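The values are calculated or read from the model by the stated rules, or taken from the named source; none is laboratory data. Keep in mind it's a predicted model, so treat the numbers as computed, not measured. So basically every Cβ, Gly included, is an ideal-geometry build from the backbone, and we count neighbours across all protein chains shown. Heads up: the accessible areas ignore ligands, DNA and RNA and are worked out on the full protein's heavy atoms, side chains in. Shrake-Rupley method; radii C 1.70, N 1.55, O 1.52, S 1.80 Å.
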Amino acid sequence: MSPRPLGVCFVCHGNICRSPTALAVMQVLVQRAGLQHAFSLDSAGVSDEHAGELPDRRSRSAGAARGYRLESRARRFERDDFARFDAVIALDHDNARRLRALAPDEAARAKLRLLREFDPEQPGAHDVPDPWYGGAEGFELVLDLCERACAGLLAHLQQHRGLAR
Ligand code: 4NP
């Protein structure tokens, strides 16, 4: 890996369900691979409605049952964040659209991807569905999709050291 840690930020709507889940999953995968030194991981939301809050208790308890600790505090992704990260990973199309509109230039837009592009079981432009208004199964699905796609993302970043396709 490169000497400078690779900055990766997961971004959803509120930064209290999906992106904290992706962050917690990626932290475990990176740790298991012994690559903590090689990554700087974070999460954020396109909205600031929940700024300062811990992740939703439904996400925290579903994650805890699989051994993940969701401890981030919600914050909005700001335009300056594009300069701080090498990869900005949107959880769904709406998040990606809003990030693209916020990006200051082409270099920033080149850092944007959808998480499920890296889902080895179903690669493509798929969403991690928003679980906010649904039942417990939605939170399990978020975990399943994040586990698959974060493993794919880590493999990609290890191979390419960036987002080159
Ligand atoms: P997230 O889920 O984007 O995965 O954090 C949501 C959390 C809150 C809302 C929507 C989605 N909300 O409308 O307040």
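Remarks
- Residue tally, condition touching a Lys or Arg at 6+ places or on another chain (Cβ under 7 Å) and surrounded by 18 or more Cβ atoms within 10 Å (Cβ to Cβ), over segment 18-62: 4
- Subset of segment 43-82 [closer than 26 Å to Gln158 by Cα and in contact with a Phe, Trp or Tyr (Cβ under 7 Å, 6 or more places away or on another chain)]: Ser43, Ala44, Gly45
- Residue in segment 33-46 that is in a loop (DSSP other than H, G, I, E, B), within 12 Å of the ligand (Cβ to nearest atom), more than 17 Å from Val128 (Cβ to Cβ) and out of contact with any Leu (no Cβ under 9 Å at 6 or more places or on another chain) present: no
- Counted residues, segment 133-162 - those being touching a Leu at 6+ places or on another chain (Cβ under 8 Å), modelled with pLDDT under 95 and not charged (D, E, K, R): 2
Per-residue answers, yes or no, for (1) touching an Asp or Glu at 6+ places or on another chain (Cβ under 8 Å); (2) under 24 Å from His93 (Cβ atoms):
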site: Val30; (1), (2): no, no
site: Ala38; (1), (2): no, no
site: Leu54; (1), (2): yes, no
site: Arg76; (1), (2): yes, yes
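- Enumeration of residues in segment 139-165 that are within 21 Å of Tyr68 (Cα to Cα), over 14 Å from the mean Cα position of the chain (by Cα) and either surrounded by fewer than 14 Cβ atoms within 10 Å (Cβ to Cβ) or of a type in the set (A, V, I, L, M) (or both): Leu141, Ala155
- Check on Ala110, open to solvent by 30 Å² or more (accessible area, probe 1.4 Å) and within 16 Å of the ligand (Cβ to nearest atom): no
- Filter result for Arg73 (open to solvent by 80 Å² or more (accessible area, probe 1.4 Å), within 16 Å of the ligand (Cβ to nearest atom) and closer than 23 Å to Gln27 by Cβ): yes
- Residues that are touching a residue at least 60 places away in the same chain (Cβ under 8 Å), surrounded by fewer than 22 Cβ atoms within 10 Å (Cβ to Cβ) and within 12 Å of the ligand (Cβ to nearest atom), drawn from segment 119-138: Asp130, Trp132
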